[in-house]
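So the structure is just underneath, and the comments pick up after that.
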């Protein structure tokens, strides 16, 4: 069984974001990481591959990005992915990214394509669903557990106030979230050494339009300073919430 | 032309979120001088469907069938896409929740329609069609132009006020052709009787400052008193003090209640990414320099274990007046 992980390259969560002319991200000093949800997906894929109880034998990571994304891809190889494909294109919008990914995926025979539910940069929550629709494959979203026994895939799908236990035939796209793996795996020294020689294939993008255009970025208005209330005067806090904020 | 809304139902019922979507659509329809149509999938009684008119729907396309009780992304996408064509929709609106996130991207490809996801406000302009959306997990806002003829928006829960209209919706039975169900549901596990975190208008949340799971009594008491849901920070759910379903933060639940009460939570950036859309934040923490106070509207420097009982007492006193 072959698993593909669509891997995003995003600024580290603690990055203080700045923009150049309010039109593009200022990349100066930004540390790049594997998108947190994709990292959990990769961790789960590695667990499945290591478990001899199933037939997972290949984990491939696929990224749309310029050469600058290669350190992040190498990190994924160091964590344990077998090989990587980089589609040599600067992502413009989510539709464009999904078209590029689908174009590569359709040339391979993956059984499960896993995407994180969203990216921590543009928070589009759309790549997985789009890839599935482009390829005409079924998709299951909000997946918080994925197990394989024999040829049967079993997943937890989060719903409002609970979960469903679902199953589906391969090939399909799993769009995964928190719970899919406990802690993201950290690359060991041996993995980092091995990652240097693992295949990282670069393919050129297909020409494709964008459906959206980011015309500008603004930082949120700084919040008015916090009104401090003395811990001995909870009646005042209640009064503020009732009469000023009007939320009680 | 029309603005089309997909209103999910929960065991045949709509909830406030459904009416938020219709209210939002109704406002956009006014901007574009057109009407709101709704697509409802699954068995919903007529009285329930009629409620949608009260928030501005002119027409409801009603797709009935017990098979639609669970979601199959392809089947639902086909239905909504056919409804969009049937209604000549220029805008399709879904919730930015589990099902909306599953369907909107597929619809975007199917209808070749640009997707603006996680929207919390009205579009900033109709021509070119431009929306504001949160990016970098809430650290910035982006202006996004949706360039296609049809546009798809997913609306964040509790971000738009209900607006009542005096309108009676016509209900039309709609029976589009669909493919077979590929997602097989083997079992459903639901929590009952509690206020769901995403639906709650008030949320009381605890962090590591609560020191141990035995100390959650006052949080639950306060939540009960206010009709609130309970939540927690990531370390608390990782430690198993509270269930994972309560984890709010970047990788947990992202919520936007009217009031978020953070007790014993320092306010790491990952936590704030999940709660910063709350309309008001109250922070109770021993460390006056904790980042939570930068995000909060009202702050109390003190031990949550000591402050909470006093807070509860003060609320009871205010309520009895």
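Hey, any hits in segment B:166-181 for a residue that's out of contact with any strand residue (DSSP E or B) (no Cβ under 8 Å at 6 or more places or on another chain), at the interface with another protein chain (Cβ under 9 Å from one of its Cβ atoms) and either surrounded by 19 or more Cβ atoms within 10 Å (Cβ to Cβ) or under 30 Å from residue A:172 (Cβ atoms) (or both)?
no
Hey, any hits in segment A:122-139 for a residue that's over 13 Å from the mean Cα position of the chain (by Cα), in a loop (DSSP other than H, G, I, E, B) and more than 8 Å from chain B (Cβ to nearest Cβ)?
yes
Just a yes or no: is a residue in segment B:121-138 in contact with a strand residue (DSSP E or B) (Cβ under 8 Å, 6 or more places away or on another chain), touching a residue at least 24 places away in the same chain (Cβ under 8 Å) and more than 11 Å from every other protein chain (Cβ to nearest Cβ)?
Within segment B:121-138, one or more residues are in contact with a strand residue (DSSP E or B) (Cβ under 8 Å, 6 or more places away or on another chain), touching a residue at least 24 places away in the same chain (Cβ under 8 Å) and more than 11 Å from every other protein chain (Cβ to nearest Cβ).
Checking residue B:148 against (1) in contact (Cβ under 8 Å) with a residue 40 or more places away in the chain; (2) within 14 Å of chain A (Cβ to nearest Cβ); (3) in a loop (DSSP other than H, G, I, E, B), which test does it fail?
That leaves (1) as the condition not met.
Looking only at residues in segment A:147-187 that are part of a loop (DSSP other than H, G, I, E, B) and over 26 Å from residue B:247 (Cα atoms), which one is farthest from the other protein chains (Cβ to nearest Cβ)?
A:187
For segment A:207-229, enumerate the residues that are closer than 17 Å to residue B:124 by Cβ and either at pLDDT 95 or above or at the interface with chain B (Cβ under 7 Å from one of its Cβ atoms) (or both).
A:212, A:213, A:214, A:215, A:216, A:217, A:218, A:219, A:220
Here are some residues: B:99, B:108, B:117, B:66. Which one is free of Cβ contacts under 8 Å to residues at least 40 places away in the same chain and within 14 Å of chain A (Cβ to nearest Cβ)?
Of B:99, B:108, B:117, B:66, the one residue that is free of Cβ contacts under 8 Å to residues at least 40 places away in the same chain and within 14 Å of chain A (Cβ to nearest Cβ) is B:117.
Looking at segment A:83-121, which of its residues are within 13 Å of chain B (Cβ to nearest Cβ) and assigned to a helix (DSSP H, G or I)?
Selection gives A:94, A:95, A:96, A:97, A:98, A:99, A:101, A:102.
Looking at this structure, is residue A:48 more than 16 Å from the chain's Cα centre (by Cα) and touching a residue at least 60 places away in the same chain (Cβ under 8 Å)?
Judged against the criteria, residue A:48 is a match.
Restricting segment B:76-110 to residues that are assigned to a loop (DSSP other than H, G, I, E, B) and touching a strand residue (DSSP E or B) at 6+ places or on another chain (Cβ under 7 Å), which is nearest to residue A:118 (Cα to Cα)?
Among those that are assigned to a loop (DSSP other than H, G, I, E, B) and touching a strand residue (DSSP E or B) at 6+ places or on another chain (Cβ under 7 Å), it is B:96.
For segment B:210-321, please list each of the strands (runs of 3 or more DSSP E) lying entirely inside it that holds at least 2 residues being at the interface with chain A (Cβ under 10 Å from one of its Cβ atoms) and touching a residue at least 40 places away in the same chain (Cβ under 8 Å).
By residue number, B:259-263.
How many residues are surrounded by 21 or more Cβ atoms within 10 Å (Cβ to Cβ) and farther than 22 Å from residue A:178 by Cα if we restrict to segment B:223-249?
Counting residues in segment B:223-249 that are surrounded by 21 or more Cβ atoms within 10 Å (Cβ to Cβ) and farther than 22 Å from residue A:178 by Cα gives 3.
So is residue B:127 more than 20 Å from residue A:24 (Cβ to Cβ) and in contact with a helix residue (DSSP H, G or I) (Cβ under 9 Å, 6 or more places away or on another chain) or not?
No, not satisfied.
Please give the number of the condition residue B:159 fails out of (1) part of a strand (DSSP E or B); (2) modelled with pLDDT under 95.
(1)
Please find, within segment B:97-111, the residue that is nearest to residue B:254 (Cα to Cα) out of those that are surrounded by fewer than 24 Cβ atoms within 10 Å (Cβ to Cβ) and in contact with a helix residue (DSSP H, G or I) (Cβ under 9 Å, 6 or more places away or on another chain).
B:97
Please verify whether residue B:162 is more than 14 Å from chain A (Cβ to nearest Cβ), surrounded by fewer than 18 Cβ atoms within 10 Å (Cβ to Cβ) and in contact with a strand residue (DSSP E or B) (Cβ under 9 Å, 6 or more places away or on another chain), treating the condition exactly as stated.
In short, no.
Condition first: surrounded by 14 or more Cβ atoms within 10 Å (Cβ to Cβ), in contact (Cβ under 8 Å) with a residue 12 or more places away in the chain and out of contact with any strand residue (DSSP E or B) (no Cβ under 6 Å at 6 or more places or on another chain). Now tell me which residues in segment A:199-239 satisfy that.
Those that are surrounded by 14 or more Cβ atoms within 10 Å (Cβ to Cβ), in contact (Cβ under 8 Å) with a residue 12 or more places away in the chain and out of contact with any strand residue (DSSP E or B) (no Cβ under 6 Å at 6 or more places or on another chain): A:208, A:210.
The values are calculated or read from the model by the stated rules, or taken from the named source; none is laboratory data. Everything numeric here is computed off the predicted structure, so don't read it as measured data. All Cβ positions, even for glycine, are placed from backbone atoms using ideal geometry, and neighbour counts span all protein chains on display.
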